[in-house]
Amino acid sequence: MVTVFSIIPGGVLSDMRGTQALEAQQLAQGSAHLHRRLKRGWIWKQLFVPEEDPTPRVIGQIKSDSDRGEFSIKYVLSGEGAGEVFEIDEFSGEIKTLKKLDREEKAFYVLQAQAINRKSNEPEEPQSEFIIKVQDINDNVPQFQNEPYVSSIPEMSPTGTTVAQVTATDADDPMFGNNAKLIYSILQGEPYFSVEPKTGIIVTSWPNMDREAREQYLVVVQVKDMLGLDGGYSSSTTVTVSLTDVNDNGPTFQHHMYAFVVPENAALGTTVGRIMADDGDIGINARMTYSLEDDLEGSSTFIIKTDPSTQEGVVLLAKPLDYETKRRFVMAAEAVNDHVDTRFLPSEEFTDRTSLKIFVEDVDEAPVFLSPVYEWKIPENAAVGTAVGSVSARDTDTVNNPIRYSIDKRSDTTKAFKIDPNNGTITVAKALDRETTNWHNVTIEAKETTQNHLSSSVVVFIKVLDINDNVPRLARDYQPYICEGIQAGELIQLLSAVDPDEPVEGHHFYFSMVPAKHINPNFTIRDNQDNTASIVARRSTFTRKDRAQYLLPVVLTDSGSPALTSTSTLTVSVCSCQPAGHCPSGGVEALALSMGVSLQTLLAVLVCLATLTVLSILMVVLRRHRRKQQEGLEVATELELPDTVSQKVLYYGEAGGEGADLDFCQPVVPLRPHPRRRERRLRKEDVRASIRMSLRESHLIGPDDEVFRQFILDRLAEADQDPYVPPFDCLRTFAYEGSGSSTGSLSSLESSDLETVPEQPVSNPRPHLVRLTPWCGAAEEDTVF
């Protein structure tokens, strides 16, 4: 079978295998058997599709040479876009598009086709691969890359100097027609600049462009596709071109003479004045250096420096001035460019000169110290009155006024020094302590005694030298402990020491035990020779039952001259340590260990004590509450009174016995407490006196007498005006005893003893003693009659 291929111009060849190559391979292997040649053949139609075509259409057809038109062959399509972008007619083999394509998104598709026998469902030939290309159309605008464009060139550049290159790209197919062929042109920027049409390179077309005249240019470049023909797309970009400076201008002074005035007491470095030479350039090309040429008498009294920010020449005072010696200075100033470029100007054009006159002004000057600063040393054990040093100042004026010295109190708040006001000698006024203050910065003032009393000051630094005057001590409050199960030779505590002194060679401490006749059997101190020491146990039989604490004196000695020694006594506690070797140092656990009981037992005891305390407090509060209730209760008795008598008359009732059946005025409530108890007690004494008087008179008058009625009305008015009486009305027993009573008078006013009443024979026994309830309502202070 001969395989037939139909190739249409613009189509793509399929993958095929030549039968001749297969036969050659079989002959080379020496095969003696005849093999059936593989048969494969495809007939292709158009395999191109234009982009951006939204109409589905047939773009090609595949056909097997086994297809006889009986629809016995089924065509299957697979690969990129199969079923989504392309589909195949399984009977005819025609391939058509399903949606519009974009070449810029995907330029070609690789697919596979296969012919399958419908009856046997077996492939007629092996699967074959082919390509569908997307044809390009001009549907993309050229785009500039790397925008924005900014460039710079030196001023005075020659014509043709390259400025920048602009680059544009077009997403269309550069191999198909003129869709992606670009042309550049200038829209703005002529006649100063031009552009190469094909490369986009911008060059200068105007000679000697001056930055001082114009510093920046905006060049607009346009790009077109289709070689600039009609119907193409275009876009534009702006290129900012700046001219950089070159040194084509020299410095120039605006004045030929500058004059300045400076006082004679001006400090060194004082700015006398500023001068400036103008330069049209900028940056490094405008930098210049100023210099002074003194006259014959100048001797470099002034100097000039260039201000780097303003490029001004700053004239400074370099030496002290004296009006009495010289009053005027004349000199010349010169400005020279730092960077000279002879391509544009000759070298002499980069220099300019001017003149300076400086006048000295006379002033009254303050005293001047011979030294700007003083620094002395003195040991801290210097005696009071020891001279530390002397300061000296003089008046530079021709008058030469006398000077007095003093110490600024703000600089010597401790008043450790004093100064002789006449000669400036400083002496020690108080004992010094280096450990408190190791440096003293004292300000000394020198003041003229006449005229303007001008003054000046100088700082004196006094360093206090150290001597060995402090004993060494332990670094902290050590609380060593030893466990009951410790072994001999074990470390108990590591000690270190401190000393406020500062010896030149550094500290070195020595640790030892207090010398004794007998060696300490319990502990020893081992000096580690590194300013530390170790307390070590000598034995291993420590128990709390034998002894709970041991006192261990430690002797510390420093290395000063003379050496100082101190003794510190440590308390070593014996502890029932926890398994990890920890000894409780505080809290309930430590208390339990110190008492020799377990923690659980101690907690149980504490809980019991707390419970008993709470119960005791509750009982005391309950008893107080009941007592207050009992004190506030009183029994009320209600009797009939005439209508003219108020129902607020207070009563007296019988105490106990059969008199209890007279309590028919209910309910009884406690009276409200009176805020002014002392006042009420005084008032109740008056009431009692009034009651006694009325009862004496009641033996002589009857109940209808005006005196008795007035007494009742007075008590009623008093009760109505008292805001502390009970908030209810109750009928009370009539406070009247007639003379015709067979029982006799119950009043005890006639008796010398107010608390007792003599017994009287009666036919109807009644209590001989009753309480008259107070008229003001205080239940706890009943009066007995």
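In sequence order, what are the phi-derived ³J(HN,Hα) couplings for region 443-458 according to the Karplus relation 6.51 cos²θ - 1.76 cosθ + 1.60 with θ = phi - 60°, rounded to whole Hz, with x for glycine and proline?
Going residue by residue, I get 9, 9, 10, 10, 10, 6, 8, 10, 6, 7, 6, 5, 9, 9, 9, 9 Hz, with x marking Gly and Pro.
Taking all protein chains in place and a 1.4 Å probe, what share, in percent, of the accessible surface of region 297-426 do carbon and sulfur account for?
49
Can you give the accessible area per residue of region 136-260, in Å², using a 1.4 Å probe?
Counting only protein heavy atoms, the per-residue value for region 136-260 is 52 Å².
Starting from the amide H of ILE62, placed 1.01 Å from N in the peptide plane, find each other amide H under 5 Å away whose residue is 5 or more places distant or on another chain.
The list, which skips near neighbours in sequence, is GLU94, ILE95.
Which order do TRP376, TRP206 take by accessible area at a 1.4 Å probe, largest first? If you can, show how the numbers build up before the last one.
Numbers: TRP376 40, TRP206 115 Å².
Ranking TRP376, TRP206 by accessible area, largest first, yields TRP206, TRP376.
Report, by chain and number, residues whose modeled amide H sits under 5 Å from the one on SER512, excluding near sequence neighbours (fewer than 5 apart, same chain).
Under 5 Å from the amide H of SER512: VAL555.
Can you work out the Karplus-derived ³J(HN,Hα) for every residue in region 139-154? Use 6.51 cos²θ - 1.76 cosθ + 1.60 with θ = phi - 60°, whole Hz, and x for glycine or proline.
Taking θ as phi minus 60°, the curve returns 10, 10, 8, x, 10, 6, 9, 6, 6, x, 9, 10, 9, 8, 9, x Hz for region 139-154.
Which entries in the list LYS74/LYS100; LYS415/LYS447; LYS326/LYS357; LYS96/LYS133 go over 18 Å, if you measure between the two C-alpha atoms of each?
LYS74/LYS100; LYS415/LYS447
Taking amide H positions as placed 1.01 Å from N in the peptide plane, with prolines and chain starts having none, which residues 5 or more places from VAL388, or on another chain, fall under 5 Å of its amide H?
ILE426, THR427, VAL428
Quote to one decimal, in nm, the extra length available between SER512 and LEU268 on full extension: 0.36 nm per residue of separation minus the C-alpha distance between them.
81.5 nm
Whole angstrom only: what separates the Cα centroid of region 56-91 from the Cα centroid of region 310-374?
100
Given the protein chains as shown and a 1.4 Å probe, how many square angstrom of LEU612 are accessible, to the nearest 10?
110
Calculate the spin-label point distance for GLU129 paired with THR611, positioning each point 7 Å from the Cα along the beta-carbon direction, and give it in nanometres.
Here the modelled spin labels are 9.5 nm apart.
I'd like the distance between the alpha-carbon centres of region 472-523 and region 94-129, rounded to an integer number of Å.
99
Arranged from highest to lowest average of other beta-carbon atoms within 10 Å per residue, in what order do the peptides 515-521, 603-609 appear?
603-609, 515-521
What whole-number value in Å² describes the accessible area per residue of region 365-456 for a 1.4 Å probe?
Roughly 56 Å² per residue, with all protein chains present.
The values are calculated or read from the model by the stated rules, or taken from the named source; none is laboratory data. The shown structure was predicted, so the numbers you read here are calculated from the model rather than taken from an experiment. All Cβ positions, glycine included, derive from the backbone under ideal geometry; neighbour counts span all protein chains shown. Surface areas here come from the heavy atoms of the whole protein model, side chains and all, with no ligands, DNA or RNA. Shrake-Rupley method; radii C 1.70, N 1.55, O 1.52, S 1.80 Å.
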